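Every number here is computed from the coordinates shown, using simple stated rules; none is lab data. Just so it is clear, the structure is predicted and the values come from calculations on it, not from any experiment. Methodologically, a virtual Cβ is constructed for each residue, glycine included, from the backbone with ideal geometry; neighbour enumeration extends over all protein chains shown.
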Amino acid sequence: MSQNVAAIICAAGAGSRFGGKRKKVFVDVAGRAVFLRSVELFADRNDVKQILVGIAAEDQELVNVKWGPNLKFFNVSIFIGGEERFDTVRKGLDLIKDNIDLVAVHDACRCCASAELIEKVISTAAKTKAAIPACPVTATIKEVKNNVITKTVDRRRFLTPACSKKHTTI
């Protein structure tokens, strides 16, 4: 059963942990901005009928000047996100078209997700009303108490986290 999908791509974060001269969402990966690669993950799908990218207000001119033509080509709508990710998602949800069945929420900095992963999440959400990708953590995780590392945590216990029916997304 074919579903009409909207993608909300969250790119409004400050990216302060990343450091550098540019926000992480605007850094080039093999010649294209990280957030644009995330857009492409959804733009290449026939079931995606709407792509929304939430950006910070301060980035509006940069995005329009530098990537505006690319975004128009992919029929992307830009909106001003919120202070927190959930604020950006909420604002995006308010812009979802009436003919949309599923809403995929994607972090703009997760541009290395595979087409297969996106397909699996969307197809699972179509069957079960909601789905999130869960990938094993590969980084080392340390437990700290009083500014002292007390142990290395078994990372096999952790998964990193969406797509849901339109009226299920909160």
Given N residues in segment 61-127, what is its alpha carbon radius of gyration divided by 2.2 N^0.38 Å? 1.26
Taking amide H positions as placed 1.01 Å from N in the peptide plane, with prolines and chain starts having none, which residues 5 or more places from Val48, or on another chain, fall under 5 Å of its amide H? Val5
Pulled fully out, how much extra length does the chain show between Leu117 and Thr140, if you take 0.36 nm times their separation in residues and subtract their Cα-Cα distance? 5.9 nm
Which value in nm describes the separation of the simple spin-label points at Arg155 and Asn4, placed 7 Å from the Cα toward the beta carbon? 4.2 nm
Trypsin sites (Lys or Arg not before Pro) restricted to segment 104-137 and DSSP loop, no more than 15 other C-beta within 10 Å: Lys129
Just want the ordering: Asp94, Asp107, from fewest to most Cβ atoms lying within 10 Å of their own Cβ. Asp94, Asp107
